[in-house]
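A.B. asks: Got a structure for you, written out below as structure tokens; questions coming shortly.
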Amino acid sequence: MIFIYSVAMSFRKRINNLILGPFISSWALCNWGKLALLFFGTGTPDVRIKNMLQEMSVRNLLTYPDLFFIPLTLTALYIFILPHLNYWVAEKVNPIKQKLEKQHYKFESETNIHSTLLGLQSDAASHGEKTKDIPRRRPDACEY
């Protein structure tokens, strides 16, 4: 049981690695057919492993780019291009987000002021005092 736990922890560390994790994921996506045949193919496990090893030989690296070069390219894109793309998107979304937050804050402050004034008006009315009408604003109305 301890052996299985240590293997699982080792695997988890490798998957969380910055380079190895994306490479393993992209390799599995590019070679899902070979993995499916390895785990769910017909024949004995020895035959399936032998076929997999023949397909994954070093000679086939140049003839089948999905064995190494495509996963390596996807890993490089994930590591180097994706952070810049995320930064660019965040830069474009941030002004819109700030504008919406400002409108929300403005709406909340107006709602609090109106509810406070309405509360004072109802207190004054309950004591028999005359109050002037406070103009009300619909809560769903927004100013742009």
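A.B. asks: If one computes the Cα centroid of the stretch 69-85 and of the stretch 1-37, what distance in Å separates the two points?
C.D. replies: 18 Å
A.B. asks: Work out the charge dipole of the stretch 2-92 with +1 on the Cβ of Lys and Arg and -1 on the Cβ of Asp and Glu about the Cα centre, then indicate which of Ile79, Gln54, Leu29 is farthest towards its positive end.
C.D. replies: Comparing the listed Cα positions along the dipole, Gln54 ranks first.
A.B. asks: Taking every Cα atom in the stretch 2-92, find the radius of gyration and the maximum pairwise distance Dmax, and write them in Å.
C.D. replies: 16.8, 55
A.B. asks: Obtain the nm distance between the two label points defined at Ile96 and Met1 by a simple spin-label model: each point lies 7 Å from its Cα along the Cα-to-C-beta direction.
C.D. replies: Distance between the two pseudo-spin positions: 5.2 nm.
Readers should treat all values here as calculations from the given coordinates under stated rules, not as data from a laboratory. Treat the numbers as computed from the prediction; the structure is a model and nothing was measured. So basically every Cβ, Gly included, is an ideal-geometry build from the backbone, and we count neighbours across all protein chains shown.
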